[in-house]
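Data first, discussion second: the structure below is written as structure tokens.
The values are calculated or read from the model by the stated rules, or taken from the named source; none is laboratory data. These numbers come from a predicted model, not from an experiment. In this analysis, Cβ positions are derived from the backbone assuming ideal geometry, glycine residues included, and neighbour counts consider all displayed protein chains.
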Amino acid sequence: MKVVTGEPFDTALFLATEGLGRSIVHYAPTQPFFSQGDPADSVFYIQDGRAKLTVLSKRGKETTVTLLAQGDFFGEESMAAEGALRSASASAVSDCMALKILKDKMLEALHQEYAFSDFFMQFILNRGIRTQADLVDQLFNSCEKRLARTLLLMAQFGEPGEPGTLIPPVTQETLAEMIGTTRSRVSFFMNRFRKLGYIDYNGRIRVHMSLLNMLLHDALSDENASKPVLLLFPFISARTANPEKPVCIPALNTSPPNPGANSAR
């Protein structure tokens, strides 16, 4: 039964501090949070830094499923059933600080605190929309378009205020795994994007708004694509943008919800 304290639940404070069943953990680059097949007993919330989820096939091939950033939950499969196992491996991409929430504490907060339930549900819905869009992208679009979309999605995690939008450090091998092609194809398209002025890279990749414009106007190659070509970014208005102004791309509206938005409910 919920204990009434007279004070509204503060979602932002809950996700920023340690407490009963909650601990702040620190991970160095490449350090694993957990491995595929491990017992799933907790949920993680990234407070700072970046991480990635990977899966390993029975033949030993590892594939990057998604990149994670500040404000993302992961490991929520722990709440699916008693004795659940990790469906993927998670590891830090950069220095990473996260809140580790034990399964029982997470379920208790979801059951008792409506503001937190709303916040978490919004995150899960956004992730589901993103996953569906990823599947449509994989089925209908060419390698070139899939790479462009992936770069734009990653750009929303860039550093605002820069001359261009820097994306998280990522290798061409990882990009190839994410879009289902070879590293040589990724290298070919990256060089093409750079020559056309869509991106710059010298160690770090900087994405320009002109790449989004090309996707919205369907100006990239349809090689190996099936028809009909569906909207790549369902939540982006196809308004004319300034090609000279690189910006952080709010693709698919997948930016994490504001943890303080419903705290006073």
(message) Cβ-Cβ distance below 8 Å, separation of 6 or more or different chains: which pairs start in segment 55-66 with a residue that is assigned by TED's automatic domain parsing to the domain that holds Ser91 and among the aliphatic types (A, V, I, L, M) and end on one that is modelled with pLDDT of 90 or more and assigned to a strand (DSSP E or B)?
(response) Val55/Ser89; Leu56/Ser89; Val65/Lys52; Val65/Leu53; Val65/Thr54; Val65/Val55
(request) Provide a single number: the residues in segment 24-82 that are among the hydrophobic types (A, V, I, L, M, F, W, C) and either at pLDDT below 90 or under 23 Å from Arg146 (Cβ atoms) (or both). (result) 11
(message) Need the failing condition index for Val93 against (1) at pLDDT below 95; (2) more than 22 Å from Met178 (Cα to Cα), just the number.
(response) (2)
(request) Could you tell me whether Ser23 is small (Gly, Ala, Ser), more than 18 Å from the chain's Cα centre (by Cα) and closer than 18 Å to Glu173 by Cβ? (result) no
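For Thr30, state whether it is within 29 Å of Gln156 (Cα to Cα), among the hydroxyl-bearing types (Ser, Thr, Tyr), part of a loop (DSSP other than H, G, I, E, B) and not assigned by TED's automatic domain parsing to the domain that holds Leu175.
Criteria met by Thr30.
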(request) Filter segment 33-56 for residues that are part of a strand (DSSP E or B) and not aliphatic (A, V, I, L, M) and give the result. (result) Phe33, Phe34, Pro39, Ser42, Phe44, Tyr45, Gln47, Asp48, Lys52, Thr54
(message) Being in the same structural domain as Gly71 (by TED's automatic domain parsing) and surrounded by 15 or more Cβ atoms within 10 Å (Cβ to Cβ) is true for just one of Ala148, Ala98. Which residue is that?
(response) Ala98
(request) Name the residue, out of Ile101, Ile24, Ile46, that is touching an Asp or Glu at 6+ places or on another chain (Cβ under 7 Å), touching a residue at least 24 places away in the same chain (Cβ under 8 Å), among the aliphatic types (A, V, I, L, M) and within 22 Å of Asn126 (Cα to Cα). (result) Ile46
